[in-house]
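This report refers to the structure that appears directly beneath it.
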Amino acid sequence: MNEHEIESLAAELGKRLLAQQSRVAAAESCTGGLVAGAITSIAGSSDWFDRGFVTYSNSAKRELLDVDESVLRAYGAVSEPTAIAMAEGALKRSEAALTVAITGIAGPGGGTPEKPVGMVCFAWARKGGATISRTHYLSGNRADVRQASVAIALRGLIDAVESASAR
């Protein structure tokens with residue numbers, strides 16, 4: 001996955017969101033704002049991108065996205081329950097109809113046998129719809145994991161917009 005492919009995904013997302021007159025928001029941890037950066041690299045994205053939350057620390061997740069301390073204690077910051085809480089918190093704290101959340105271990109350190117480097121949890125939340133979550137185990141160095149995470153997040157948003165338009 002290269003920058004051109006990510007730009008193409010972001011542009012495709014924008015076209016679909018514009019057609020639905022919807023807006024998106026991103027809640028990011030391990031990607032540190034790269035999803036928001038990919039989206040806002042597209043001219044005119046202010047018509048379909050609402051905001052981004054970079055919540056790297058647990059306190060930021062709690063304060064900005066209302067992630068409950070009990071979720072962080074029970075499952076850890078890198079978990080699908082935390083990604084779900086982040087995505088749903090971003091939905092509540094924005095004017096977006098659709099959100100994505102990403103939390104993971106990009107490396108090179110920080111991994112454990114249960115949560116290895118390259119483990120990244122995603123969640124996509126939609127107003128009036130179910131929240132979907134997935135965990136991916138990505139390979140490569142820190143930059144590779146982060147770039148692959150951006151692509152997965154954008155593809156998931158495109159899929160969510162597509163499934164909403166099929167209703």
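Okay, here's what the table says:
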{"quantity": "Check on Ala143, within 16 Å of Glu28 (Cβ to Cβ) and within 15 Å of the chain's Cα centre (by Cα)", "calculated": "no"}
{"quantity": "Residue list for region 112-167, filter: touching a residue at least 12 places away in the same chain (Cβ under 8 Å), part of a loop (DSSP other than H, G, I, E, B) and on the phi < 0 side of the Ramachandran plot", "calculated": "Lys115, Pro116, Val117, Lys127, Gly129, Thr131, Leu138, Ser139, Asn141"}
{"quantity": "Selection from region 83-106 of residues that are hydroxyl-bearing (Ser, Thr, Tyr), over 14 Å from Thr131 (Cα atoms) and crowded, with 23+ Cβ neighbours inside 10 Å", "calculated": "Thr103"}
{"quantity": "Within region 79-109, tally of residues that are of a type outside the set (A, V, I, L, M, F, W, C) and either modelled with pLDDT under 95 or under 19 Å from Glu162 (Cβ atoms) (or both)", "calculated": "1"}
{"quantity": "Residue within region 48-56 that is under 17 Å from Val35 (Cβ atoms), surrounded by fewer than 20 Cβ atoms within 10 Å (Cβ to Cβ), within 17 Å of the chain's Cα centre (by Cα) and of a type in the set (Ser, Thr, Tyr) present", "calculated": "yes"}
{"quantity": "Residue ID - surrounded by the fewest Cβ atoms within 10 Å (Cβ to Cβ), chosen from residues in region 112-142 that are small (Gly, Ala, Ser) and under 22 Å from Ala11 (Cα atoms)", "calculated": "Ala123"}
{"quantity": "Given (1) at pLDDT below 95; (2) more than 18 Å from Val150 (Cα to Cα), number of the condition Met1 does not satisfy", "calculated": "(2)"}
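The values are calculated or read from the model by the stated rules, or taken from the named source; none is laboratory data. Since the model is a prediction, treat every value here as computed from it, not as a measurement. As a convention, Cβ positions derive from the backbone with ideal geometry for all residues, glycine included, and neighbour counts pool all protein chains shown.
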